[in-house]
Structures are given as structure tokens and as C-alpha cells.
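The structure appears right after this line, and notes come after that.
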Amino acid sequence: MSNPIVANPLVTTAWLAEHLDDDNLVIVDAYMANVVGKEPLVYDEFSCLPTARKLDIEADFCDHSSSQSHALPTEPQFTQAAQALGINSDSTVVIYDNQGIYSSPRAWWTFKTMGFKNVYVLDGGLPQWIKEGRETASEYITAPTLGNAVAKEAVGLACGSDEVLNAINTNVAILDARAEMRFLGKAPEPREGVRSGHIPRSKNLPFSILLDEYTYQDKETLTCIFSERVSSLETKTYFSCGSGITACILILAAVSIGYKDVVLYDGSWADWGTNHALPIE
């Protein structure tokens, strides 16, 4: 199978429709039941993409031994979950979700942090697929056999609060994907015991700004939005949100338009806001 453009982590519905029967293709539905920060799309009946396999981000792709709300999985946890999905080291994985663009970027970045390179997100997800009148299925498939994919954590793609704290007064950018009123500390945090405000020197980029209904805005628009907040494509940029999910919507957009040095602050505001030793604005 020929890969889509390696530089672009997004694939279109048209591309996926053409490649549905490719031998190495694994389609993964990574929707989350709890949608925060946007009005959730609600479906009258369940449907999924043909041959889709279900990935439960919160059950299978989070480290439950961590105190964080949505900590990235350990290498063994990722390996077990990926193999259960029938994913091999040479598989091409396309991830989507039922909101268009919501939780699929988080699943994509999890694959990336675990050293899996051949992974993409379906731009527009299930709602775009349905909008275009494409064929759906009424149930997931189960992987016919265990896969052989093995995690090998990639260095530098995710970090904790210590690294962000040390970076605040250096030549980096810090972007926060939460809604403006939460960023400004004028709306209460949904999690108990979390302070209001934001990381010093961080800039607000609500993830909704990047979206055009179900899909991402065009490349020109995304480039304009990011260039207002980040000085260059080479600038090291940290991404934060409520608990590390929607920050990945920003990361996927940034990578798709050529940003090179991107890091997820995995604990995000749920971590920073509960630690009174850390400064806030």
C-alpha cells in the first residue's frame, strides 16, 4: 500500500474511501463518551466506518496508575491495547471519532509518543463521512488476530509540569486549547479543586477556532491563526488544555501545517491548576 503524504498526518474521506480494502489498513474509532468544550453531536442510532475497530481511549490508552486525569499509557499498556486491535508494526492506522475532530487527535498523538509512525487522522471523522453519503456499518469488527506492534516511547513529545515551568521564561510558545473564559479565569473549572487561570506567558487558542464544522480549517487559515501566536515554524511549542485531550487537536493542526517541535503537556490544567506551588496568571 502506498502511504499518504508522510508530512501530513490528516487523510481525507475521499482518500480513505479509495483505500478501504488495502491489506495493511486498520481503521480505529476513538470516540469518547464525555465531550467537553463543545456541544456534542448525538446520534439517533449507532454507526461506524466499514471495518472499524473500537479503541477506548479512557480505558485502554490511559495510565490508570497515574494521578492525572488522562495520563498517557505506559509502553506495556500501549503494546497490549494496540496488539488487541490487531495492529502490526507495518500497519497503516487511520483514526477517527464521532464528533468530527475531537478525541481522534489524542489517540493519534498517543501512537506518535509510543513510536508508531504510520498513523493518521480522518479529517471530519464520522459526521463528515455520513454527510457525504458514504457507506457505514452497524457494528465494529473484532481483530482477527493479535497484532505485533510494540511500543518504543519517542523522546520529547510529551512532558510534565517541571519542563513547562522551566520553559516559561525561554524562547518557546505555550498554547492553551481551553475556551477563552476558562483561560481568563472567568469561568469555573469543571474539575473540583482546580484553580482558575492559566500558565504564565501562555496564549489562548480555543480548539474550536481551528475547526470548520466537522473538519479542520484550510491550511492558509490555520497558518494565519498559528502565526499570530507562535513566531515561527521552528519555535518549540508546548500544548495544554483541561486534561491533555483537546490540546492534541492543536498539535495535529500545527504538525499538518509544518510546525516541527511540538510537545504535549500531558497533565495540562488539571495538573497545573491543582499544584499550588506552580504560578498562575
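Each value in this text was obtained by applying a stated rule to the coordinates, not by laboratory testing. Just so you know, these numbers come straight off a predicted model, no measurement behind them. For neighbour counting, all protein chains shown are included, and Cβ atoms are generated from backbone atoms with ideal geometry for every residue, glycine included.
Just add up the charged neighbours of residue 218: K/R +1, D/E -1, any other residue whose Cβ is under 12 Å from the Cβ of residue 218.
Charge balance in the 12 Å sphere: -2.
Report, in debye and to the nearest 20, how large the dipole of segment 82-140 comes out about its Cα centre when Lys and Arg carry +1 and Asp and Glu carry -1 on their Cβ.
Charge dipole of segment 82-140: 220 debye, to the nearest 20.
What are the extents of the Cα atoms of the chain along their three principal axes, in Å, largest first?
That works out to 51, 38, 38 Å along the principal axes.
For residue 158, enumerate residues with amide H under 5 Å from its amide H, sequence gap 5+ or separate chain, H modeled in the peptide plane.
HN-HN under 5 Å from residue 158: 264.
Which residue fluctuates the most in the chain, going by a Gaussian network model with Cα springs under 10 Å, if the choices are 138, 243, 268?
138
Using modelled backbone amide H atoms (1.01 Å from N, in-plane), which distant-in-sequence or interchain residues come within less than 5 Å of residue 11's amide H?
For residue 11, whose amide H was placed from the backbone, the distant partners under 5 Å are 121, 122, 123.
Dipole magnitude of segment 5-56 about its Cα centre, charges +1 at Lys/Arg Cβ and -1 at Asp/Glu Cβ only, in debye to the nearest 20?
Here segment 5-56 has a charge dipole of around 220 debye.
What length, rounded to one decimal in nm, is gained on full extension from residue 168 through to residue 187, with 0.36 nm per residue of separation minus their alpha-carbon distance?
4.4 nm
In µm²/s, what is D for segment 124-274 at 20 °C and 1.002 mPa s, where D = kT/(6 pi eta Rh) by Stokes-Einstein and Rh is the Kirkwood radius from Cα pairs?
In µm²/s, the coefficient is 125.
Positive end of the dipole of the chain, charges at C-beta (+1 Lys, Arg; -1 Asp, Glu), about the Cα centre: which of 108, 61, 167 has its Cα farthest in that direction?
The residue sitting most towards the positive pole is 167.
Quick check: residue separation of residue 153 and residue 63 times 0.36 nm, minus the Cα distance between them. What number comes out in nm? Don't skip to the answer; put the middle values down first.
Numbers: separation 90, 0.36 × 90 = 32.40 nm, distance 1.41 nm.
Extending this stretch completely gives an extra 31.0 nm.
May I ask you to evaluate 6.51 cos²θ - 1.76 cosθ + 1.60, the Karplus curve with θ = phi - 60°, for each residue of segment 261-275 and list the ³J(HN,Hα) values in order in whole Hz, giving x for glycine and proline?
Calculated HN-Hα couplings, in order: 10, 10, 9, 8, 7, 5, x, 6, 5, 4, 7, 5, x, 8, 9 Hz.
For residue 152, give me every one of the lysines with a C-alpha distance below 21 angstrom, ignoring sequence neighbours fewer than eight places off in its own chain.
112, 117, 260
Report the relative contact order of the chain, percent, no decimals, based on alpha-carbon pairs under 8 angstrom and at least 6 residues apart.
22
How would you order 86-92, 42-48, 175-181, 255-261 from highest to lowest mean count of nearby Cβ atoms within 10 Å? Kindly include the intermediate steps, with their values, before the conclusion.
On the way: 86-92: 18.3, 42-48: 10.9, 175-181: 21.3, 255-261: 16.7.
Going by the mean number of other Cβ atoms within 10 Å, highest first, we get 175-181, 86-92, 255-261, 42-48.
What is the dipole size for segment 144-208, taken about its Cα centre, with +1 at each Lys and Arg Cβ and -1 at each Asp and Glu Cβ, in debye to the nearest 20?
For this selection, approximately 200 debye.
Projecting each Cα onto the charge dipole of segment 182-236 (Lys/Arg +1, Asp/Glu -1 at the beta carbon, about the Cα centre), which of 194, 211, 225 comes out farthest on the positive side?
194
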